[in-house]
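The values are calculated or read from the model by the stated rules, or taken from the named source; none is laboratory data. Source: prediction; values computed, not measured. Quick reminder, even Gly has a Cβ in these numbers, built from the backbone with ideal geometry, and neighbours come from all protein chains shown.
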Amino acid sequence: MRKASKWMSGFGLIALVLAIPSSFSRAEDAPERPYIPPTTHFTIATPGTQWLNVSRPLTVEDLRDKIVLLDFWTYCCVNCMQTIPELAKLEKEFKQDLVVIGVHSAKFDTEKDTDQIRQAILRYGVGHPVVNDRDFRIWRAFDVRSWPTLVLLKPDGEVAKTFIGEGHTAELRKAIKETMKAFPKRAKANLPIELERDKVAKGEFFYPSKIAFDEKAKTLYVADSSHHQIAAYTWNASEPTKLKPAFRIGKSGDAGFKNGSYSSARFRLPQGIAVGKGVLYVADTGNHAVRKIDLKSRTVSTVAGTGTQGSLPKNGKGMPALSTPLASPWDVAFHPDDDHLVIAMAGLHELWSLDLKSKRMNVIAGNGVEAIDDGVQGDKNTLAQPSGLSSLLGSLYFVDAESSSLRFYFEGYVRTLVGSGLFDFGFKDGERKKAKLQHPLALFADVTGIFVADTYNHAIRRYDPPKQTLETVIGDGKPGASGDEGPVEAAKARLNEPSGIERLADGMFAISDTNNHRLVLWNRTTNQVERMRVDGEKAVETGTPGSAAGASATVAASKRISVRLPNRIETPEAVVNRTNPTIRVVLPEGYHLNEEGPSYARLFEGEPPKEKLKQEWKREDLVKTTVLSPEGLKTGMAYTLQGTFYFCMDGKNAVCEIASVSFPVKVDPAGAEKIDVALKKP
């Protein structure tokens, strides 16, 4: 469970007083008092909020007379991730009676971005509507204090019950049934669902995670997490950016928990991989298990875990591997020798060691408390979601994601190198006590330094043990997708939430550029970054296309032409006779542009997938004027103008609307000097 910082606490329920449009009353209710939605529904469905997994933002009418379950989460939180499968079971069980809404209230800065939330929704298979509560407005209104928190609402909008933390499925089921019984005339749970996963074209990888390299066999193994597979590729230093497919284990898109042959075995969101002698060990995160892949017999077996989520063990010594439940193991590594496998038990904030001979496990670091304390094993040291492991010269280096820290373990003692607290994160180089990371998920340790995949900073950082300093070697703290068209200088290259790094040969590293669904090669000799291409790979656009209901569309760090826009208005081609024409966006009579809404307009040059953003008008520009003046257009060049506009009726407490346009712009001597584009209400 994640507790929020002090500034979040102490807020009571916020009352939102809004005017009620006449459309809320129904014909059969005419003789009675008009329907007045409860305050809680207004809090959730405030106009201008960004939504995902729906075709349009939800309204108070969508929530009317329905049982609603709010899941307050943040996608960095392993406890929140462990709640998602339980919610899916309840959604299936109460399909006609329960509305589940994810309220994403971000802990880390990068999690506030709607496109990054979309990536998490796709990665973890979230199938219900999600609202971006980036300013903690809904969080404060419901007096939430920690992640995850579940709030069950009655059809009348009153809070039925609040559940803090995970593991409340049975209690939730009981509370839902009691609410159903108390409200027999409730409305059915129909919503304008439009899942983000239905908008995505999948390529060779789908959120690749940790990677491991077998130097002797020249084989690179990839935990292709959201394909629920382990993929193997032949790699050669003579052609370092080329990967030749060797085999895949599991069936693409088919998650499960099954041992057997390569084709029949199933994984669920695998993350970490360790290469042994003729075997691989896999942290099968979604199945709460550690799996063994025998490369000779081409079979998969389970070596630890039961397939169900476990809790803190009463005695963390001598635990039988196959009968002790695990909790979201995120990585595995051999340490201190090949007979012992350390497991990063992210869900319990501990490190466990599996003796591969005796098949017994011991807790070697952490005590289940989520914190960042150094010291010896027992009550002295605490961890916070350990997510990446790397062994070097008798020490086990690891990254603690929730404390944004780099730490190491040595013979029962834990010491922190970078990081100081659960809410102390950032992007800063320098001396170790002043340097900052943001939710790192992977690392690789060698004699030249500790290389950290600083996931939420979209960067690769290098820690120098002798100097005790941290430096950035790839990235600038912003998401992007560099190196698709050729090598790019490392300092100028951009990634999107990298979560795996592995050395292939002297001076060459492979990196899982997770949210861009690709691997990249970092050549330290040339200090360049370039995409690694798979033989026969389908040409799929880097990043994840899509747009939030109520938000502009983004792909990685670059803005692209979107095929999905909210309330898109059919607009004919604009033919203009000037290279700097005037295009006027006309609002409906009696309406004005919402100064707080994320309105935008963009002019693109060229056609997908090689379009280029030529000119952009942001919210602050459009608030001043909705007259657009494109500059420097060329005859014969293809252009596209796209925009999404938030506009409200004049007057106090007025209704607000959203509309989008997308149309080609052509320069022709016979065209017009000015073009009007009329927006319409939905």
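Report, by residue number, each residue of region 444-494 that is assigned to a loop (DSSP other than H, G, I, E, B), among the charged types (D, E, K, R) and under 24 Å from the mean Cα position of the chain (by Cα). The answer is 476, 478, 484, 494. When 166, 204, 178 are checked against the criterion of being among the acidic types (Asp, Glu) and in a helix (DSSP H, G or I), a single residue qualifies: 178.
Quick one: is residue 677 closer than 21 Å to residue 56 by Cβ and either modelled with pLDDT of 85 or more or not in a loop (DSSP other than H, G, I, E, B) (or both)? Spell out the reasoning first.
Working: closer than 21 Å to residue 56 by Cβ: yes; either modelled with pLDDT of 85 or more or not in a loop (DSSP other than H, G, I, E, B) (or both): yes.
Spelling it out, residue 677 is indeed closer than 21 Å to residue 56 by Cβ and either modelled with pLDDT of 85 or more or not in a loop (DSSP other than H, G, I, E, B) (or both).
If you filter region 286-317 down to residues that are crowded, with 16+ Cβ neighbours inside 10 Å and in contact (Cβ under 8 Å) with a residue 60 or more places away in the chain, you find that the one that is farthest from the chain's Cα centre (by Cα) is 293.
Return a yes/no flag: does region 512-535 have any residue that is in contact (Cβ under 8 Å) with a residue 40 or more places away in the chain, assigned to a loop (DSSP other than H, G, I, E, B) and aliphatic (A, V, I, L, M). Yes, region 512-535 contains at least one residue that is in contact (Cβ under 8 Å) with a residue 40 or more places away in the chain, assigned to a loop (DSSP other than H, G, I, E, B) and aliphatic (A, V, I, L, M). Filtering region 627-648 to residues that are over 36 Å from the mean Cα position of the chain (by Cα) and among the β-branched types (Val, Ile, Thr) leaves 627, 635.
Any chance region 121-137 includes a residue that's over 12 Å from the mean Cα position of the chain (by Cα), of a type in the set (Phe, Trp, Tyr) and not in a helix (DSSP H, G or I)? For region 121-137, residues over 12 Å from the mean Cα position of the chain (by Cα), of a type in the set (Phe, Trp, Tyr) and not in a helix (DSSP H, G or I): present. Residues that are touching a residue at least 40 places away in the same chain (Cβ under 8 Å), surrounded by fewer than 24 Cβ atoms within 10 Å (Cβ to Cβ) and of a type outside the set (Lys, Arg) within region 275-285 comprise 275, 276, 280, listed in sequence order.
A quick yes/no check of all residues on (1) part of a loop (DSSP other than H, G, I, E, B); (2) surrounded by fewer than 23 Cβ atoms within 10 Å (Cβ to Cβ); (3) under 19 Å from the mean Cα position of the chain (by Cα):
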{"position": "42", "(1), (2), (3)": "no, yes, no"}
{"position": "49", "(1), (2), (3)": "yes, yes, yes"}
{"position": "61", "(1), (2), (3)": "no, yes, no"}
{"position": "69", "(1), (2), (3)": "no, no, no"}
{"position": "82", "(1), (2), (3)": "no, yes, yes"}
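When the residues of region 417-443 are filtered to those that are over 23 Å from the mean Cα position of the chain (by Cα) and outside any strand (DSSP E or B), the one that is surrounded by the most Cβ atoms within 10 Å (Cβ to Cβ) is 435. Taking the criterion of being out of contact with any helix residue (DSSP H, G or I) (no Cβ under 6 Å at 6 or more places or on another chain), among the small types (Gly, Ala, Ser) and either buried (at least 21 other Cβ atoms within 10 Å of the Cβ) or farther than 16 Å from residue 168 by Cα (or both), would at least one residue in region 130-147 satisfy it? Within region 130-147 (the criterion being out of contact with any helix residue (DSSP H, G or I) (no Cβ under 6 Å at 6 or more places or on another chain), among the small types (Gly, Ala, Ser) and either buried (at least 21 other Cβ atoms within 10 Å of the Cβ) or farther than 16 Å from residue 168 by Cα (or both)), the answer is no, since none of the residues qualifies. Consider residue 330 carefully, then state whether it is aromatic (Phe, Trp, Tyr), in contact with a Lys or Arg (Cβ under 9 Å, 6 or more places away or on another chain) and not in a loop (DSSP other than H, G, I, E, B). When the stated conditions are applied, residue 330 passes them.
Whenever a residue of region 463-482 is at positive phi, its partners that are of a type in the set (Val, Ile, Thr) and part of a strand (DSSP E or B), lying with C-beta atoms within less than 9 angstrom and at least six residues away or across chains, give the pairs 475/460.
Apart from one condition, residue 494 fits all of (1) touching a Gly at 6+ places or on another chain (Cβ under 8 Å); (2) closer than 17 Å to residue 351 by Cα; (3) basic (Lys, Arg); the exception is (2). When you check residue 364 against the structure, is it buried (at least 24 other Cβ atoms within 10 Å of the Cβ), outside the structural domain of residue 77 (by TED's automatic domain parsing) and not in a loop (DSSP other than H, G, I, E, B), yes or no? When the stated conditions are applied, residue 364 does not pass them. Listed conditions (1) more than 28 Å from the chain's Cα centre (by Cα); (2) farther than 22 Å from residue 317 by Cβ; (3) among the hydrophobic types (A, V, I, L, M, F, W, C); (4) surrounded by 24 or more Cβ atoms within 10 Å (Cβ to Cβ) are all met by residue 392, apart from (4). Only one entry of 161, 185, 199 meets the criterion of being modelled with pLDDT of 95 or more, surrounded by fewer than 22 Cβ atoms within 10 Å (Cβ to Cβ) and more than 30 Å from residue 425 (Cβ to Cβ), and that entry is 161. Just so you know, in region 211-257 the residues that are under 19 Å from residue 282 (Cα atoms) and acidic (Asp, Glu) include one that is nearest to the chain's Cα centre (by Cα), and it is 224. Suppose we filter region 293-326 for residues that are within 26 Å of residue 169 (Cα to Cα) and among the acidic types (Asp, Glu); how many remain? Total meeting the criteria: 0. Looking across region 480-494, the residues that are over 16 Å from residue 461 (Cα atoms) and among the aliphatic types (A, V, I, L, M) come down to 481, 488.
Yes or no, residue by residue, for (1) among the small types (Gly, Ala, Ser); (2) at positive phi; (3) outside the structural domain of residue 122 (by TED's automatic domain parsing):
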residue: 146; (1), (2), (3): yes, no, no
residue: 155; (1), (2), (3): no, no, no
residue: 162; (1), (2), (3): no, no, no
residue: 182; (1), (2), (3): yes, no, no
residue: 204; (1), (2), (3): no, no, yes
residue: 208; (1), (2), (3): no, no, yes
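All told, residue 387 falls short of being outside any strand (DSSP E or B) and within 20 Å of residue 498 (Cα to Cα). The single residue among 414, 399 that is outside any loop (DSSP other than H, G, I, E, B), buried (at least 19 other Cβ atoms within 10 Å of the Cβ), more than 22 Å from the chain's Cα centre (by Cα) and among the β-branched types (Val, Ile, Thr) turns out to be 414.
Residues in region 334-350 that are part of a loop (DSSP other than H, G, I, E, B) and either charged (D, E, K, R) or without any contact (Cβ under 8 Å) to a residue 12 or more places away in the chain (or both): 337, 338, 339. Condition check: touching a Ser or Thr at 6+ places or on another chain (Cβ under 7 Å), over 16 Å from residue 276 (Cβ atoms) and modelled with pLDDT of 95 or more. Does residue 347 satisfy that? When the stated conditions are applied, residue 347 passes them. Taken together, the residues in region 402-411 that are part of a strand (DSSP E or B) and without any contact (Cβ under 8 Å) to a residue 40 or more places away in the chain amount to 4. Across region 461-471, the qualifying residues are those that are in contact with an Asp or Glu (Cβ under 7 Å, 6 or more places away or on another chain) and crowded, with 20+ Cβ neighbours inside 10 Å, and the one among them that is nearest to residue 526 (Cα to Cα) is 461.
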